[in-house]
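Step one of this worksheet: look at the structure below.
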Amino acid sequence: MLEFEKPVYELEKKINELKILSKSRPELLEEITRLEKKLEKVKEDVYKNLSSWQIVQIARHPDRPHSIDFINGICGEFFEIRGDRFFGDDSSVIAGIGKIDKTKFVIVGQEKGRSTKEKIDRNFGMPHPEGYRKAMRAFSIAEKFCFPVITFVDTPGAYPGIGAEERGQAWAISMSIYRMIGLKVPIITFIIGEGGSGGALAIGVGDKVFALEYSIYSVISPEGCAAILFRDSSKASKAAEHLKLTAKNLLEFGIVDEIIKEPKGGAHRNKEEIFERVKEKIMETYEELKKIKIDELLRKRKEKYLKIGIYKEVKNGTTGNT
Amino acid sequence: MFFRKPFKPDKKEIKAEVWRKCDSCGETLHIAQLEKNLWVCPKCSFHFRIPAKKYIEYIFEKESFVELFNEIESDDPLNFPDYKKKLKKAKEKTGLKEACITGKGKIDKFTVCAFISDFSFIGGSMGSAYGEKFYRICEHAVSEKLPLISITSSGGGARMQEGILSLMQLVKTNLGVKLLEENKIPYITVLCDPTMGGVMASFAALGDISLAEKGALLGFAGPRVIEQTIRQKLPEGFQRAEFQLEHGMIDEVIDRRELKKKLIKILNILWD
């Protein structure tokens with residue numbers, strides 16, 4: 001439970017207690033109805049004006065659905081591929097082939113892990129170069145069989161470790177981005193939690209990019225930014241505001257095409273609902289993308305990314321494209 | 001951040017002080033001697049960081065270099081604290097309008113396009129203007145059928161002050177490299193100290209041929225961040241050019257005094 005969610009959880013607890021009691025004391029039902037109404041109001045108030053930092057906390061919420069949950073929640077069938085055929089298998093990246101209803105997809109996502117052991121095994125969702133190279137393997141399978149690609153972005157970032165650098169993570173990230181800009185199948189990307197810099201972008205280039213309402217995407221973590229900006233990583237909440245990293249900001253900058261609404265309070269409060277919405281969005285988007293000829297699709301993908309950026313062209317005094 | 005304090009051979013400063021200590025061996029060196037030696041220590045061959053303009057002077061034939069796209073400058077899209085001030089200061093300090101110079105000129109008999117970043121301009125970091133300039137010089141190289149040489153030094157990679165827009169320049173610059181590939185335009189990268197983060201993780205990693213200056217720090221995560229994460233000291237030479245050569249990431253470690261010769265040699269085969 002996050003600090004600002006307390007009033008919601010407390011009220012919910014009270015309602016549940018009353019519900020148990022009401023089995024023997026039906027006169028309590030009226031009170032329950034009253035409190036349920038109040039709960040709606042409290043939720044409204046708590047989740048209406050969230051600060052960027054509160055959104056960061058929801059994006060990192062321990063119960064937030066991860067890539068693995070989306071895959072299990074959406075796919076009828078899924079076969080996971082393992083290893084990069086160079087060095088090893090990086091379990092902070094899940095990749096595989098699957099079916100959603102009757103349509104076949106290649107799916108790649110970063111996975112943070114849930115239990116302490118799993119988190120350690122998955123390196124808290126921070127990929128090594130093998131993760132990106134496995135992703136590239138998956139992209140090649142997609143191209144060979146003409147399967148569209150779905151990616152789920154959820155990582156604090158690339159792993160700052162010795163092995164990751166020894167095996168060229170900068171090169172691996174760049175090559176994965178390069179592979180995606182030219183990939184000859186539709187790519188649909190979902191920012192489902194935390195989009196941490198280059199490690200996120202390495203699987204985040206898409207024809208359509210969606211962000212879940214309470215997800216974030218940033219060039220640097222708020223803590224890292226605060227350490228540089230204020231020489232104090234505890235000022236992360238302030239840094240989060242400055243970085244403009246919420247889904248709403250991303251939409252304004254043209255980084256994402258659409259925001260996917262989450263259940264009130266975040267996806268973790270009703271996972272089935274968010275799976276349904278994401279699944280619908282996948283099918284709807286694929287229907288739209290598959291009609292476009294591949295050359296045209298690649299041209300559009302390129303144009304989309306060439307448009308991103310805000311700069312000045314001083315010769316004629318105009319501000320450049322957005 | 002994690003890099004050494006940049007050296008800025010500003011004209012005034014050169015006049016004011018005639019001597020400089022080598023950052024590596026501590027030898028006291030005469031500025032004129034260093035200049036003649038392309039800012040490489042004659043004793044230990046430590047490579048001082050030099051501004052973009054010096055590379056132009058050292059590589060291109062006299063007065064052959066023409067700057068292009070210098071009308072493109074950074075904006076402040078996030079209204080980020082102190083960014084406008086930082087840009088203003090960087091411009092005054094370097095005499096540049098952005099952290100990179102793009103243009104074309106002659107190296108020996110070859111006319112080539114060049115992209116050269118400058119570490120003394122906000123750490124040579126990549127924002128929207130930087131990314132756009134890289135893409136435009138790629139387009140120019142394609143339309144004029146000229147090879148592209150990229151010389152990079154960037155401490156943090158993507159420029160924090162432009163947030164997510166900076167990160168997206170990794171895609172834009174890679175699109176530039178793709179354009180070169182599709183049109184069979186040679187692309188040579190020269191990686192200088194330091195080339196890190198989003199710059200190394202995009203166009204700087206994709207050269208047909210990739211050279212690196214002696215001792216240059218090359219990689220993704222900065223050494224300090226790694227040390228804080230793994231709570232141990234990094235081995236000597238970690239992420240340096242020699243280390244990256246050993247790990248198969250670059251083609252050759254070069255001495256700056258040989259850079260021009262090397263480029264001519266490569267162009268002689270790729271573009272003759």
Q: Please tell me if A:S176 is closer than 20 Å to A:V56 by Cβ and either within 9 Å of the chain's Cα centre (by Cα) or crowded, with 24+ Cβ neighbours inside 10 Å (or both).
A: no
Q. For the stretch A:84-105, how many residues meet the condition of being open to solvent by 30 Å² or more (accessible area, probe 1.4 Å), within 23 Å of the chain's Cα centre (by Cα) and in contact (Cβ under 8 Å) with a residue 60 or more places away in the chain?
A. 2
(Q) Just to verify a result, which residue in the stretch A:233-262, among those that are open to solvent by 50 Å² or more (accessible area, probe 1.4 Å) and in a loop (DSSP other than H, G, I, E, B), is farthest from the other protein chains (Cβ to nearest Cβ)? (A) A:K261
(Q) Among the residues of the stretch B:189-196, are any assigned to a strand (DSSP E or B) and either open to solvent by 10 Å² or more (accessible area, probe 1.4 Å) or at pLDDT below 95 (or both)? (A) yes
Q: Just give me the residues in the stretch B:136-170 being without any contact (Cβ under 8 Å) to a residue 24 or more places away in the chain and crowded, with 24+ Cβ neighbours inside 10 Å, in sequence order.
A: B:I164
Q: Residues being crowded, with 22+ Cβ neighbours inside 10 Å and without any contact (Cβ under 8 Å) to a residue 40 or more places away in the chain: count how many of those fall in the stretch B:176-188.
A: 1
Q: May I ask you to say which residue of B:E67, B:E98, B:E73, B:E92 is among the charged types (D, E, K, R) and over 23 Å from B:T195 (Cβ atoms)?
A: B:E92
Q | Positions within the stretch A:36-71 being under 21 Å from A:R277 (Cβ atoms), of a type in the set (A, V, I, L, M) and outside any loop (DSSP other than H, G, I, E, B), in sequence order | A | A:I55, A:I58, A:A59, A:I68, A:I71
Q.
All but one of (1) of a type in the set (A, V, I, L, M, F, W, C); (2) surrounded by fewer than 18 Cβ atoms within 10 Å (Cβ to Cβ); (3) under 17 Å from A:V56 (Cβ atoms); (4) more than 14 Å from chain B (Cβ to nearest Cβ) hold for A:I294; state the number of the condition that does not hold.
A. (3)
Q.
So if I check each of B:E242, B:E227, which one is over 23 Å from A:M175 (Cβ atoms) and either more than 8 Å from every other protein chain (Cβ to nearest Cβ) or part of a loop (DSSP other than H, G, I, E, B) (or both)?
A. B:E227
Q | the stretch B:144-179 - residue that is more than 19 Å from the chain's Cα centre (by Cα) and more than 7 Å from chain A (Cβ to nearest Cβ) and, of those, nearest to A:D207 (Cα to Cα) | A | B:L179
Q. Is there a residue in the stretch B:202-218 that is open to solvent by less than 10 Å² (accessible area, probe 1.4 Å) and at positive phi?
A. no
Q | One residue from A:Y132, A:Y159 being crowded, with 23+ Cβ neighbours inside 10 Å and in contact with a Pro (Cβ under 8 Å, 6 or more places away or on another chain) | A | A:Y159
**Q.** Given (1) assigned to a loop (DSSP other than H, G, I, E, B); (2) in contact with a Gly (Cβ under 6 Å, 6 or more places away or on another chain); (3) within 30 Å of B:E236 (Cβ to Cβ), index of the condition A:F87 fails
**A.** (2)
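The values are calculated or read from the model by the stated rules, or taken from the named source; none is laboratory data. Predicted, not measured: the structure shown is a model, and the values here were computed from it. Cβ: placed from backbone, ideal geometry, glycine included. Neighbour counts: every protein chain shown. Just the protein is used for accessible areas: all its heavy atoms, side chains included, with ligands, DNA and RNA removed. Shrake-Rupley method; radii C 1.70, N 1.55, O 1.52, S 1.80 Å.
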